[in-house]
Each structure stands twice: as C-alpha cells, then as structure tokens.
Amino acid sequence: MRGAVLLILLAVLGAALAHAYILGTESLDVVYQATQGSVNVVPENGGSLWSNPAHYPLIATNAYGGCLAVADRPYIYQVNLNTSLLYTLLQAISSAFRPSAAPTAPSNASYITVILAKYSIVSLFTPYGYMEWSYGLSNINITAIATNCVNVAVGTVSGRVVVLGEKGVLATYNVGSPVTYMAYSRDGAVLYVGTFNGGLYQISSGGLTQLASLNGTIFYIGVNPRGLPYAVSFYKGALPHIYIWPLGVDLTPGAITEYGTNTPAVAAAASQDGSTLAVGVYDNLYVYRGGSLWYSALLPSAPTAIAVSGNGSIVVVGTLGGQVLVFWNGHRAAEWDAGAPVTSVAVSWDGLTVAVETWTAVKFQRLAIGTVKIVDPVATIEISGPEPCVNETIDVVSGGTTFTYRVSNTTQVLLPVGSVSIIPQYRYLTDYSRCAPLNNISLSITGNLQQPIVVYYQLQYRVSVNPPGLVSGPTWASGTTIYAAQPDVKVLMFGGPAGAGNTADMALDHWLINGTPVNIPAPSIAVKIGGPTSVVAVYRINAPSVVQINSTARWALVYITAYDQFGNPVASGRSPYVTTYPITTTAYYVLQYLVSTRWPATVNGSQSIWADQGSYAAFAAPGIYYFNNATRLYFRGWSNGEGGNFTAQVAGPMSVDPIYSVQYLVSVKAPGTVDGKPSAWLDRGSTATLNIPSVLNSSGSVRTAFAYWV
C-alpha cells in the first residue's frame, strides 16, 4: 500500500511540469512531443491525437516520422516517511471510499525508508499511438534513444548501447563512456553513437567502429546520406568551444543550452539530404553547405532550437527571447514572436510548415511563398541619386501573430497562410529623414502568390512646426505641403490699467520658412519640402496703446513682455513678435497728461503733447514772429509769469500760453521821423509821434515847406 501511494504522488508531480521537446513528421501534419509527464501526438489543428503517461521520457523517430520510439524512465527514489503521517494519509484515503469504517488505533512507529527500484520501458508505437512492442529494462539509466522504425537503440550512462526489437534485446555494445546522442542512417542500417568523452562510433552489420575522437562531449549527430555524419561537440577549456566534425570548424566562444528536458544540448540541425548543417552559438547562426560556410546571421537572442528543411533551403531558429526566425536560402524570409522562450522547433520537408513549442503549447504555422515589392515614389522620379527607401521592414499580422520581414526591392518571402494584414513599418534614416509607408494591405492567402504585393514608400523629412498649438500640418512630409495657422488668438495680459482689459491680441504677421521671412499674413501657406524644414508662423502681440482717463489724462502703453509656459521671457516691446505658444504677457503703462501751448510757441516742439508723469516739458517761444505784411508778433512773456523759454516738470495737465503783442511797421519818408527814427515797430493801439521840419529848404525867395501828411 505504501508503494502504491508513493507512485501516485510521483506521477502527479511529474505531470504538473510542462517542459518538453518535439519531433516532426515528413509533412509536419503531426509532431511527437515529450514532456516530463507524458508522450503526446499533437496534430496540426491542435488538441491531441494520442497521449500516454511517462516519466521523463526520451523519444525518437526516423527521417520521415514513420513511428514513435519512447523510453519511459522512472528514476530511483529513496524517501524517508513518518509512518504516523503515512497511516493518517492512508486512513483518510480509506475513509473516502468507506465512510462508515471504524477508526483504527494509530501506530507509534517512527520513520521507515522506502526505495523504488529503477525500471525503464522501451516501446515502439505507430504514429497514431498503436503499440507495436514494448520491453522493460531494469537497473538501466537511459540517456539517448534512436530508431529506424523497426528497432530501437538506447544508450546508457554506463556507456552501453542496447538494440531492441520485437523479440527483445537484439545486441549490446560498450562504448566506454556515457552515451549522449544517437542517430540512425537514412536507410536504418547504420547507427551512429556520440559519447560524453567525445567518441564518435558507428554500429553496422553487428560491428562497432570508432569514426573520430572529438574534444569535449558530442551533443548532436546529423546524418549525411552523402558521406560521413556531422558531429557537434562542446568543450569547456580556457574558453568554451563548439567543434564541428568533419568540417574542422571551431566556433569560439561556443555555447550550449539547458533550456528544456533533452538538455544539455547544442542548437544544431542537418537537412535530410545531408547538404546543409545549421549551428547556433550565442546570438549567431552559422549555416554550412557542401562543407563550407554558406551564410551567417545575427539573431535577436540566443538560439535554443533549430530545424532544417529536407533540402536545406529553409532554416528555422527558435530563441530564448521567444522569436522564431525563418531563413530561406540565406535571407531572413519570416519572423514572429512565439510569446515565450522556444523549447523546440520542427519543420516539414518542404519548409512551409513550422511547429514551435514553448513551455506550455505547441503551435503550427503554415507558410506560403510570396513576393513583396517596395516602390519609392520619390526615388523613382529622380534621375540620379540614391534610392534610400528600398530596404524596409514589413509586419504581417495573421491570427494574432506578427510576422516580420526585411525586404530589399523585390524579395521572395514566406507568408503565413490565412487572412493577413500587411503593415509596412517606418524606417528612420536619420533624426531628420525617414522612409514612410503609404499603404497597408489586407488579403487572404490560401497558397503561393502569383503576383507580387506592392508596398509604396515615400522619403520624408522632419518638419519643425511652430508655434505648437497654433500651426497645423504634418511634422513629416515630402513635396508641396499645406500648413495653416490660426490668424489670431487672445492671450492673458497682466499689469494693464482699468480699461485695458486682461487679454492681448496675438495676430499672425508673417511666416518664416527655414529662417527666411515670407511676408504673407495669410492663415495658410504652401511649402515645398525637399529636406529638413522649419515652418514658423510669426505673431505680433498688440495691446491697447492708450487708455483714456479724461480729456487731459490717459494711460499710455510703454512695452509688453511675453513669457513662455515655463515663465521665461521670450520677447519685449510695444508690439513684440513671438513664435512661441502658449504665452502670457505683462503690460507696462505710464500715466500721461496733456501739455499744451499756443502758436507760435511750442512745448517739446509741438503745440500740445502727452507727456509722461514726472517728465519735463520744454516751452519755447520766438521773441519776434514776422509776417510778410509789415506786421509782427512781439513776445511779452508767458501766461504763468515766465519771461522766456523755460522747462517744467509734468505733474498734471498743463496749458501755458505765450503772450504776444501785435506790432506794425511805421515808416516815414525823410526828412520825417517816427519817434525820431525813419521807421519804428509800434504796438497795435499805441500812439506814434511823427516829426518833420516845417521848412525843408529855402533858397532866396523860394522855400519848401511842410504842408500835410499823406
């Protein structure tokens, strides 16, 4: 009873873990999956065709997936149990089935040790789960498995290779070191064995032959129908190394992965025809064809699993970051995110169906061959010069999964089958230029496409648009583009007197295009964008210039200061220009009084002025002002008692008039005089004395005498 309870508990614990790996069939209509608690046959449409409990199983199939070999590996467990606790547990289970059973007195025993002996089971199944044969192997620790779909070979930690068939154990070989990897040749006649100490062996016709001795441990063997198999080993010396035999390649630093159940392992896979071997190390993929490096590629994260199509044209890589990448003849033909670290991948012979396993799920993805053509309208109309927008990234969304493609001009890609949305991505060449897609595409893919999918791109330049919030228009553009600005806007104004209001007018005055003034106050402008461009609308701030108090007093605007939203001053003046928004303003007004005089006098050069309070007004009057008709004005003083030109400080309204007398020119012909002079300027209304001799001259009996005035 104790043993039964323990086996149930262990089975439950094992089944709760989902770590796994998968093997594919030729067409990848199903995959074989091993988890820590079961073996499953998973079809392309999801679900499960068949499932069987197993403990840390190892699985194998042949090149085309014609069978499923399973090594079920219950480990040896040694458990110390408190028998009182065990009794209580058993009593609870018993009570659940027999509620009326009378309780039994508890045991006072302390601890006992229960040992479960190791017992491995090797089985061969058809693809749909029918068991062809099964044998148990006691006291054996299986570390590797391979099958040709007739026999099953298992390798052990003790260095033995056991070949089993329908009749049981057919042969046993000793390779002297723990077996780490095994693979059958395509015809199933040769078994290749890799070991912990780097030994590479082949078993054929009942004989064991060593092919090579590699540094480190062999973690992968790729069958090559054309010649010797590929063997990939890992060696940890001063530096980690990955060795590839018989290519003689040393990838340093090398790396292995422990992410999964069939680990440690190297991320490697060979094509069925033996032409191609793919190996992943850190963030790099190396693909060899015909014994030489065919291409390499940088990966977004560390590779955890690799699968290769039958002829090697397609390589599928799963990564620790969850990305799945498909390379087709050396170029990245598809990419998507699995949503979790990838534990295993499989691919069909033609490479157009991919299975991806993560911790919790196996998902299939069918692909179709298509051509994506990128057209750059800007570049095609140019006679010469580069075509920068012909190497772009295209996203294709299908069933909630995003596939990413890197397309150069016209590129063949592998597209997901089903309803897809093709979403080209923006690519930024510099901070000021980019390639912008002009169209998205939606279509349903049922098979290979006969016509290319045309994606249009445009070379665009960054456009700096100011002031923000007032000027509208694209910030990336190419060619003739319209920009519009609000013609006027009210902004807050502080500091003005009563009557000035609390807002100022911000009115569009002109435009600046790349710093060059365009004196058009129109609210819209057409700009030709042929490079990075600055489009600025220049506004003038206006506030009431005068706020009248009465006929002789007023407030006069001196200047306005504008501040940006952070409180920094950006412009100042009576009507300053600004290119910033939002802004606030403060206005400074001065009290002015009317200061006047009368003609021909002046105050600061005029008959009347508005003078700032506290300023000085200079009154000036000409001493004599002549008319052209023998009339003049003669200055006598000011109405405030000042006698000549004077300056006064303005403390209020002032009106100071000059005092003039009107004078006329009085002239008398000789020998007459006016006040003793030939002529004189006399005030209007005054009395003039005219003098003349009574006898002008006398000669003998004749004289000239004064008669009268004319």
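Values in this text are rule-based calculations from the coordinates and carry no lab data. Worth saying up front: this structure is predicted, and the values here are computed from it rather than measured. In this analysis, Cβ positions are derived from the backbone assuming ideal geometry, glycine residues included, and neighbour counts consider all displayed protein chains.
Some values worked out for this structure:
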read-out	value
Efficiency of FRET between residue 239 and residue 284 - r from beta-carbon atoms, R0 22 angstrom, step 0.05	0.90
Counting all C-alpha pairs of the range 376-512, share separated by more than 24 Å (%)	53 percent
Antiparallel DSSP beta bridges within the range 163-245, as percent of all bridges there, nearest 5	100 percent
Spin-label pair residue 704/residue 210, simplified geometry with 7 Å Cα→Cβ offset, distance in nm	16.7 nm
Prolate/oblate/rounded call for the range 593-680, Cα gyration tensor, a/c under 1.5 rounded	prolate
Label point distance in nm, residue 570-residue 608, each placed 7 Å from Cα along Cα→Cβ	4.1 nm
Value at 222 nm in deg cm²/dmol, rounded to 500, when DSSP H runs of n ≥ 4 in the chain each add -39,500 (n - 2.57)	-1500 deg cm²/dmol
Eligible lysines near residue 167 by straight Cα distance, threshold 29 Å, same-chain separation 8 or greater	118
Candidate aspartates and glutamates for bridging to residue 528, where Cα separation is under 18 Å - those fewer than 8 sequence places away on the same chain excluded	382
Peptide ranges 53-59, 497-503 listed from the most packed, as the mean C-beta count within 10 angstrom indicates	53-59, 497-503
For the chain, share of DSSP beta bridges that run antiparallel, in % to the nearest 5	95 percent
Mean-position separation - Cα centroids, the range 643-710 and the range 455-502, in angstrom	76 Å
Extension gain, residue 169 back to residue 296 (0.36 nm per residue minus Cα-Cα distance, nm)	41.3 nm
Crossing angle, helix 2-15 versus the chain [Cα axis fit, 0-90 degrees, rounded to tens]	40 degrees
Cα gyration tensor category, rounded, prolate or oblate, for the chain with a/c compared to 1.5	prolate
Cα shape, the range 467-593, gyration tensor, a/c 1.5 rule	prolate
Spatially proximal lysines relative to residue 669 (Cα-Cα < 25 Å; intrachain offsets below 8 disregarded)	677
Helix axis angle, 83-97 relative to the chain longest principal axis, alpha carbon, degrees	90 degrees
Ascending count of other beta-carbon atoms within 10 Å, so fewest first, for 461, 64, 21	64, 461, 21
Burial ranking of peptide ranges 340-351, 689-700, 633-644 (average Cβ count within 10 Å, highest at the top)	340-351, 633-644, 689-700
For peptides 267-277, 396-406, 166-176, sequence by mean Cβ density within 10 Å, most packed first	267-277, 396-406, 166-176
Centre separation in Å (Cα based) which lies between the range 530-574 and the range 179-223	88 Å
Difference of contour (0.36 nm per residue) and Cα-Cα distance, residue 662 to residue 629	10.7 nm
